[in-house]
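In what follows, a single structure is set out as structure tokens and then discussed.
The values are calculated or read from the model by the stated rules, or taken from the named source; none is laboratory data. Note that this is a predicted model, so its numbers are computed, not measured. Counting neighbours? That spans all protein chains shown, and the Cβs are built from the backbone with ideal geometry, glycine included. Heavy atoms of the whole protein, side chains included, go into the accessibility calculation; ligands, DNA and RNA do not. Shrake-Rupley method; radii C 1.70, N 1.55, O 1.52, S 1.80 Å.
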Amino acid sequence: MQLDAVERAILAGEHGETRQQMMELLVALGKVFGAERMVPIASAQVSGASYKTIGEWGLRWLRGLDARVAVPTVLNPVGMPREGWRDLGISPEFAARQNEVLEAYRKLGVRLECTCTPYYLMRVQYGQHLAWAESSAVAYANSVIGARTNREGGPSALAAAIVGRTPFYGLHDVKHRAPSLVLDVEGAGKAGPIPAVHYGALGSLAGRIAGNRIPFFRGIRPTREEMKALGAAMAATGAVALFHVEGITPDARIFPYDVMALERIPITREEVAGVLKEIPVDAVALGCPHCAPEDLQQIASLLRGKVVRKPLFVFAAAYVMERDPETVLAIRRTGAKVVADTCMVVSPLMEGYRAIMVDSGKALAYVPSMCGAAARLGTREECLREALTENQ
Ligand code: F3S
């Protein structure tokens, strides 16, 4: 790899042992993937922040690092909200360990914003290079904004944050951003856009078909929020880090060849609907990925004047909640819990339930293994209707 003078000095240990180790990690990664150089990054988003997922080993590793991040860096959701965790039944032992993880990141200069939607917090521009780890945020940044990031692991995102660079390979390089198959969503164009949550169902299906390829969708006209749901689900059931939607996503028009020459796979409305299976549930969770401000407003408006009968959890970033405290209060008045910094998957909050209803294809994929509960997918309206129905 060609390194510039600063990068060589870091690698030689002239900027401290931690930076040296981080550079060694990035150079090793770059060599594995054939990178010829490093590229400066605008921001980093680091996963591996919940004590539930990193455990004692992860905490020990973080504590051993001695450096400050070189670019704006935020965290993925952690295992509990930073405020009010006692009221949610989080054990003091877990909270103590989680706070130690947060303290370790704080010492590294990481902003303690814990969210999978950093794009609501930081201005991200088309063509910017990033080192983000959360798979749904990576899909959004690459596909909806047109920024450039690989799907980083927690350690490589943190290494890039500390060094301020990442190896230039994969999705950083425009020539690797071309679509490799066409997914033709049949009938969607004729009957109008498919409903919002069905983008979670569509993503669930499309991720299994695409695997780690880059799909090019035809026949759909999703909004940004619908693309957020689509990308999150595909990143969970497949390893999709970038997708294109004909006529919509910014990179869809930059590839000069005819996409019709690619393998073409039809997806029918019936197949999408088949993902939505009805099972009885004893809790409902919304906000995977974390709610946008408009999501909170929609939930408040759908619940206005009502009282929830089943446990209903709504997850959002703290800064999104702080921007609209009245809406958060309106949702809480119904008996629902609006929770910051964490989510249904990375916290122990949802572990006592048998079956959880979600409006997200990503949560549908992860709830069974991470919460030990069955999962059911529905529209947001269906989820809220379920939350208003007494447990049997
Ligand atoms: Fe975010 Fe948790 Fe879903 S990290 S994308 S809310 S699984």
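Segment 287-392: Rg/Rh from Cα coordinates, Kirkwood Rh? Spell out each step's value before the answer.
Values: Rg = 12.9 Å, Rh = 13.8 Å.
Rg divided by Rh gives 0.93.
State, to one decimal in nm², a quarter of the convex hull surface area for the C-alpha atoms of segment 211-361, i.e. the direction-averaged projected area. Each step should come with its number before you reach the end.
On the way: hull surface 43.5 nm².
The Cα convex hull of segment 211-361, projected and averaged over all directions, gives 10.9 nm².
What value does the chain have for Rg/Rh, both radii from Cα atoms and Rh as Kirkwood defines it? Let's see the in-between values first.
Values: Rg = 21.0 Å, Rh = 21.5 Å.
Reported Rg/Rh (Cα atoms, Kirkwood Rh): 0.98.
Enumerate the amide H contacts of Thr166 below 5 Å, restricted to partners 5 or more residues apart or on another chain; note that Pro and chain-start residues carry no placed amide H.
Val39, Ile41
How many Å² of accessible area per residue for segment 178-273, probe 1.4 Å? Spell out each step's value before the answer.
Numbers: 3860 Å² over 96 residues.
With the other protein chains kept in place, segment 178-273 gives 40 Å² per residue.
Round to a whole number: what % of the accessible area of segment 5-173 belongs to carbon and sulfur, probe 1.4 Å? If you can, show how the numbers build up before the last one.
Details: 3320 of 6750 Å².
Using a 1.4 Å probe with all protein chains present, segment 5-173 comes out at 49 percent carbon and sulfur.
Suppose all protein chains stay in the model; what accessible area per residue would a 1.4 Å probe give for segment 5-173, in Å²?
Dividing the accessible area of segment 5-173 by its residue count gives 40 Å².
For Leu286, list long-range residues whose amide hydrogen, built 1.01 Å from N in the peptide plane, is under 5 Å from its own amide hydrogen.
When sequence neighbours closer than 5 places are left aside, the close amide H contacts are Phe313, Val314, Phe315.
Please compute the Cα-Cα pair-distance distribution of segment 178-273 with 5 Å bins starting at 0, giving whole percents from short to long.
P(r) over segment 178-273, rounded to whole percents: 3, 15, 28, 29, 19, 6, 1.
Whose amide H sits under 5 Å from the amide H of Arg82, counting only residues 5 or more places off or on another chain, with H placed in the peptide plane?
none
Given the chain, what count of lysine pairs have C-alpha atoms under 18 Å apart, with each pair 8 or more places apart or on different chains? Numbers along the way, then the final one.
On the way: Lys228/Lys362; Lys277/Lys362; Lys306/Lys337; Lys310/Lys337.
Lysine pairs satisfying the spacing and distance rule in the chain number 4.
Once neighbouring chains are kept in place and the probe is 1.4 Å, which whole percent of the accessible area of segment 244-392 is contributed by carbon and sulfur?
On the way: 3450 of 6750 Å².
C and S fraction of accessible area: 51 percent.
For all pairs of alpha-carbon atoms in segment 319-381, what percent lies in each bin of width 10 Å, listed from the first bin to the last filled one?
Values per bin, smallest distances first: 21, 43, 33, 3.
Would you kindly state the longest site-free stretch of the chain, with sites defined as chymotrypsin sites (Phe, Trp or Tyr not before Pro) in a DSSP loop (not H, G, I, E, B) surrounded by at most 14 other Cβ atoms within 10 Å?
Details: sites that count: Phe33, Tyr126, Tyr257.
With chymotrypsin sites (Phe, Trp or Tyr not before Pro) excluded where exposed in loops, the chain gives 258-392 as its longest stretch.
Can you pull the accessible area of Glu24 for me, 1.4 Å probe, Å² to the nearest 10?
Around 90 Å² of this residue is reachable by solvent.
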